[in-house]
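As structure tokens, the structure follows; a few thoughts come after it.
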Amino acid sequence: MARRPSPTLTEAEYRLMDILWDLGNGTVADVHARLAAHPIAYTTVLSTLTILERKGYVRHTVRGKANVYRPRVERDAARRTVIANVLTTFFGGSARALMLNLLEAERLGPDEERRLRALLEAER
């Protein structure tokens, strides 16, 4: 059975988007070269960029024989989309439930705790 397409960025897609956000734009070769620490096949980069274009995250223009890809979505907007999907899928749309789960899973340092308290107070 085929896997259902992800409505948001997958981990592999996010890795490539992160590179494009840093570069501003790039060819498949540019993106592939930036993956040296965690290499994947050139054809996989090409396929993933094609998927990202179909999903609306990137667009391309042609320069000579190469496609030049540029992000269509800002990094923060993509993150918000992922968080909204997590909220809907795992927390019934409740940001409060997500926050409580995060706070129970990890102990905050004193500076983080002060910042969180200040944010909560500002919301009142």
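The values are calculated or read from the model by the stated rules, or taken from the named source; none is laboratory data. Note that the coordinates shown come from a computational prediction; the quantities given were computed from them, not determined experimentally. Counting neighbours? That spans all protein chains shown, and the Cβs are built from the backbone with ideal geometry, glycine included. What goes into the accessible areas is simple: the full protein's heavy atoms, side chains included, and nothing from ligands, DNA or RNA. Shrake-Rupley method; radii C 1.70, N 1.55, O 1.52, S 1.80 Å.
Need one number: the % of Cα-Cα pairs in the chain sitting beyond the 17 Å mark.
Result for the distance tail: 66 percent.
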How far, in nm, would the chain grow between L46 and D30 when pulled straight, counting 0.36 nm per residue and subtracting the alpha carbon separation?
4.6 nm
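Using the Cα centre as the reference, give the magnitude of the dipole from point charges on the C-beta atoms of the chain (Lys, Arg: +1; Asp, Glu: -1; all else neutral), rounded to the nearest 20 debye.
That gives a dipole near 540 debye.
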Using the charge dipole of the chain (Lys, Arg: +1 at Cβ; Asp, Glu: -1 at Cβ; taken about the Cα centre), state which of T27, P110, A78 has its Cα farthest towards the positive end.
T27
Distance from the Cα centre of the stretch 1-62 to that of the stretch 88-116, in angstrom?
30
Accessible area of the stretch 18-88 with a 1.4 Å probe: how many percent of it is carbon plus sulfur?
53
Work through the residues other than R115 whose Cβ is under 14 Å from its Cβ and net out their charges, Lys, Arg +1 and Asp, Glu -1.
-3
In nm², what is the average projected area of the convex hull enclosing the Cα atoms of the stretch 1-54?
4.1
